[in-house]
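Structure record follows, encoded as structure tokens.
The values are calculated or read from the model by the stated rules, or taken from the named source; none is laboratory data. Small disclaimer: the values here were computed from a predicted structure and weren't measured. Ideal geometry is used to build each Cβ from the backbone, glycine not excepted, and the neighbour counts take in all protein chains shown. The area values use the complete protein model at the heavy-atom level, side chains included, leaving out ligands, DNA and RNA. Shrake-Rupley method; radii C 1.70, N 1.55, O 1.52, S 1.80 Å.
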Amino acid sequence: MIRTRPAARLAPQCDAVIVGGGHNGLVCAAYLAAAGLKVTVLERRAVVGGAAVTEEFHPGFRNSVAAYTVSLLNPKIIRELELSRHGLSIVERRMSNFLPTADGRYLCTGGDRTLPEVAKFSHADAQRLAGYSGRLEQIADVLRDLVLRTPPNVVQGNWRTALPQLLRASRIGGRLRKLDMNLRRELLRLFSASAGDYLDGWFESDPIKAVYGFDGIVGNYASPYAQGSAYVLLHHVFGEVNGKKGIWGHAIGGMGAITQAMARSAQSRGVDIRLQTPVREVTVEHGRAVGVVTEGGEAIRASAVVSNLNPKLLYQQLLDPAVLSADFRERISQWRCGSGTFRMNVALAELPDFSCLPGKALADHHTAGIILAPTLNYMEQAYFDARTAGWSKQPIIEMLIPSTLDDSLAPPGRHVASLFCQHVAPQLPDGQSWDQHRERVADLMIDTVNAHAPNFKAAVLGRQIMSPLDLERTFGLIGGDIFHGALQLDQLFSARPMLGHADYRGPLSGLYMCGSGTHPGGGVTGAPGHNAAREILRDFRRRVRPGAHS
Ligand SMILES: Cc1cc2nc3c(=O)[nH]c(=O)nc-3n(C[C@H](O)[C@H](O)[C@H](O)COP(=O)(O)OP(=O)(O)OC[C@H]3O[C@@H](n4cnc5c(N)ncnc54)[C@H](O)[C@@H]3O)c2cc1C
């Protein structure tokens with residue numbers, strides 16, 4: 001039962017208790033501990049990492065079971081948390097993307113091969129590639145610059161509270177003023193337009209638009225022609241791998257290797273991480289968060305309570321509604337969550353033999369992000385079908401076969417594949433449950449790959465299925481939302497998760513947020529955790545002596 005605890009004058013047992021050991025909770029913990037705070041992380045599952053974990057899903061076969069590819073993880077965080085020293089190694093794919101087309105051809109992208117490959121479909125598009133990449137790169141630089149900043153918080157009150165926010169806004173304004181007019185226009189377009197319209201403005205051939213446009217619908221339950229999807233595309237290009245901007249790579253050992261390295265880094269700084277310790281409620285006294293109570297009934301008092309959870313989960317399930325204003329509760333109820341994501345992990349006896357590029361022996365295209373969705377129109381239709389019927393008979397799939405880059409995941413000669421399938425309805429029509437349909441939809445996904453690589457179905461030795469409902473149950477991702485809330489203009493930057501609370505501080509003093517529901521949003525970036533730690537430390541320096549608790 002959720003309730004407000006009676007007042008008790010007990011001393012805090014730690015400086016900060018972090019609810020959730022997802023990658024952002026771990027990053028936040030490591031930074032707080034580095035500054036001398038006594039930190040406890042409470043994780044519900046038997047493993048840290050949240051959506052960034054590696055697990056055995058079939059005997060002898062391990063994979064990154066949810067998030068599966070790395071790029072957005074911030075280099076400052078990799079450096080400062082010494083993740084390499086703690087075991088993290090990230091490798092590049094040998095090819096970025098491979099896209100079979102409807103007419104039996106294919107497009108390969110990445111490095112020097114992109115230009116001649118695009119020219120197979122359109123010489124005009126090949127000539128425009130450098131302009132497109134250059135422009136996007138400049139805009140991505142602006143985003144990179146904002147990722148580790150606290151957004152200006154829209155505040156009520158006197159000049160004392162408003163001034164720091166004005167300064168913050170003017171610093172960001174200063175950065176934007178350095179952009180020339182063309183780039184400012186482009187920025188506006190990318191924040192508001194659809195990925196489809198944006199790409200149609202650049203290119204004429206379908207395959208390159210599909211490869212780039214896929215980024216606009218990842219985790220974004222919308223048509224690629226929906227306004228705002230261009231931002232989602234942009235959100236997927238601000239990363240880098242080993243200093244190379246805009247590309248995606250693989251963490252050896254899977255995404256769990258990232259979060260295990262983060263956990264080791266945090267523990268080396270003294271953080272106490274407790275697994276299988278779900279938090280039942282946040283304890284509030286006199287309008288201040290003063291600790292948590294676990295499902296097991298243990299009360300842990302802390303000067304700061306930090307939530308790594310989707311804001312809906314925190315405010316609707318862990319807090320007594322009576323401690324929040326009606327307006328705040330209403331706004332949280334309107335927080336839009338729900339990716340159209342269906343995730344599968346597949347153990348394979350052999351590599352897929354693509355009809356358009358035959359061969360079962362390991363080749364560059366087997367290491368790529370393999371996109372099975374030939375055009376933007378195909379993606380739009382998949383969305384329309386999902387809206388009306390729950391899923392499309394022609395779904396969008398990105399397949400990655402990480403064992404082609406990492407032999408720690410599967411037995412010799414065998415492989416594991418991640419199927420990241422887009423555009424299934426987060427909630428099925430007519431009140432149907434995903435539990436009724438997950439096997440059927442999984443068969444459809446396997447058949448869809450098989451249509452491109454006819455040996456695929458017979459090569460499947462085992463499979464793990466995660467419908468949106470499974471993602472919610474396993475990882476606490478409401479509506480299966482991979483970002484903890486849609487990445488749309490009214491849920492970004494100063495509005496993430498809500499105007500007035502974009503500075504990682506919740507509506508109660510002592511309560512903070514460090515998960516993907518805060519700026520800059522979802523993806524394995526570590527940025528929300530990093531930024532939240534900075535704000536928490538600011539408050540500690542003002543009010544509390546860190547380390548003063550027993
Ligand atoms: C299927 C899928 C594919 C994705 N692919 C990619 C990708 O390839 N690359 C990429 O960069 N990003 C990807 N993402 C997005 C990315 O993984 C997430 O945005 C990110 O991992 C979220 O991190 P987080 O730390 O903010 O939250 P989470 O990872 O959600 O962590 C929250 C933690 O809180 C715990 N928790 C929940 N409730 C409680 C409670 N009551 N008490 C204690 N603990 C609790 C959860 O168990 C979890 O460990 C993907 C996500 C999904 C789901």
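In nm, give the distance between the simple-model label positions of residue 133 and residue 322, each being 7 Å from the Cα along the Cα-to-Cβ direction.
6.1 nm
Per DSSP helix of 4 or more residues, -39500 (n - 2.57); summed, then divided by the residues of the chain. What does that give at 222 nm, rounded to the nearest 500?
So the helix-based figure for the chain works out to -11000 deg cm²/dmol.
My understanding is that a pair violates if its Cα-Cα distance is over 19 Å; which of 178/244; 38/76; 393/457; 120/209; 76/244 do that in this structure?
On the way: 178/244 24 Å; 38/76 23 Å; 393/457 17 Å; 120/209 14 Å; 76/244 14 Å.
Violating the 19 Å limit, Cα to Cα: 178/244; 38/76.
Within the chain, which cysteines find no other Cys whose Cβ is under 4.7 angstrom from their own?
14, 108, 337, 356, 421
Convert 20 °C to kelvin, take the viscosity as 1.002 mPa s, use the Kirkwood radius over C-alpha pairs of the range 270-426 as Rh, and evaluate the Stokes-Einstein diffusion coefficient in µm²/s, rounded to a whole number.
Working: Rh = 20.0 Å.
My calculation gives 107 µm²/s for D.
Between residue 154 and residue 440, take the C-beta separation as r, use R0 = 41 Å, and let me know the FRET efficiency to the nearest 0.05. Can you show the working numbers first?
Numbers: r = 46 Å, r/R0 = 1.13.
It comes out at approximately 0.35.
What is the Rg over Rh value, at two decimals, for the range 223-275, using alpha-carbon atoms and the Kirkwood definition of Rh?
Values: Rg = 16.6 Å, Rh = 14.1 Å.
That ratio is 1.18, to two decimals.
Pop a pseudo-label 7 angstrom from the Cα along the beta-carbon direction at both residue 47 and residue 85 and give the gap in nm to one decimal.
Going from the residue 47 label point to the residue 85 one covers 2.6 nm.
Could you report the chain's accessible area per residue, 1.4 Å probe, as an integer in Å²?
On the way: 21050 Å² over 550 residues.
Normalised by residue count, the accessible surface of the chain is 38 Å².
Below 8 Å, C-alpha to C-alpha, sequence gap of six or more: please give me the relative contact order for the chain in percent. Mind dumping the intermediate values first?
Values: 1249 pairs, mean separation 137.0, N = 550.
Normalised by residue count, the contact order of the chain is 25 percent.
Which whole DSSP H helices in the chain pass both tests: a Cα extent of 27 Å or more along the axis and a mean Kyte-Doolittle value no lower than -0.5?
123-147
Counting only protein heavy atoms and a 1.4 Å probe, tell me what percentage of the chain's accessible area is made up of carbon and sulfur.
Working: 10810 of 21050 Å².
Summing carbon and sulfur atoms, their accessible area is 51 percent of the total for the chain.
What length, rounded to one decimal in nm, is gained on full extension from residue 407 through to residue 473, with 0.36 nm per residue of separation minus their alpha-carbon distance?
Values: separation 66, 0.36 × 66 = 23.76 nm, distance 3.01 nm.
So the chain would gain 20.7 nm between residue 407 and residue 473.
With each pseudo-label sitting 7 Å past Cα toward Cβ, what's the residue 539-residue 430 distance in nm, one decimal?
The two pseudo-label positions are separated by 4.8 nm.
Beyond 14 Å, how much of the Cα-Cα pair distribution for the range 197-258 remains, as a whole percent?
The proportion of pairs with Cα distances above 14 Å equals 63 percent.
Could you work out how much longer the chain between residue 493 and residue 274 gets when fully extended? Use 0.36 nm per residue separation minus the Cα distance between them, nm to one decimal. Please list the in-between numbers first.
Details: separation 219, 0.36 × 219 = 78.84 nm, distance 3.15 nm.
Separation in residues times 0.36 nm, less the Cα-Cα distance, equals 75.7 nm.
Which residues' amide hydrogens lie under 5 Å from the amide hydrogen of residue 512, considering only partners 5 or more residues apart or on another chain, with H built in the peptide plane?
So residue 512 has HN proximity to 305, 306, 307, 506.
For residue 447 and residue 330, compute 0.36 nm times the residue count separating them, minus their Cα-Cα distance, and round to one decimal in nm.
Working: separation 117, 0.36 × 117 = 42.12 nm, distance 4.28 nm.
Net length gain for the segment: 37.8 nm.
Using only Cα atoms, what is the ratio of the radius of gyration of the chain to 2.2 N^0.38 Å? The partial results should precede the final answer.
Details: Rg = 23.1 Å, N = 550, 2.2 N^0.38 = 24.2 Å.
Cα-based Rg divided by the globular estimate yields 0.95.
Compute the longest continuous run of the chain that contains no exposed trypsin sites (Lys or Arg not before Pro); treat a site as exposed when its DSSP state is not H, G, I, E or B and it has at most 16 other Cβ atoms within 10 Å.
No qualifying site falls inside 361-550, the longest such stretch.
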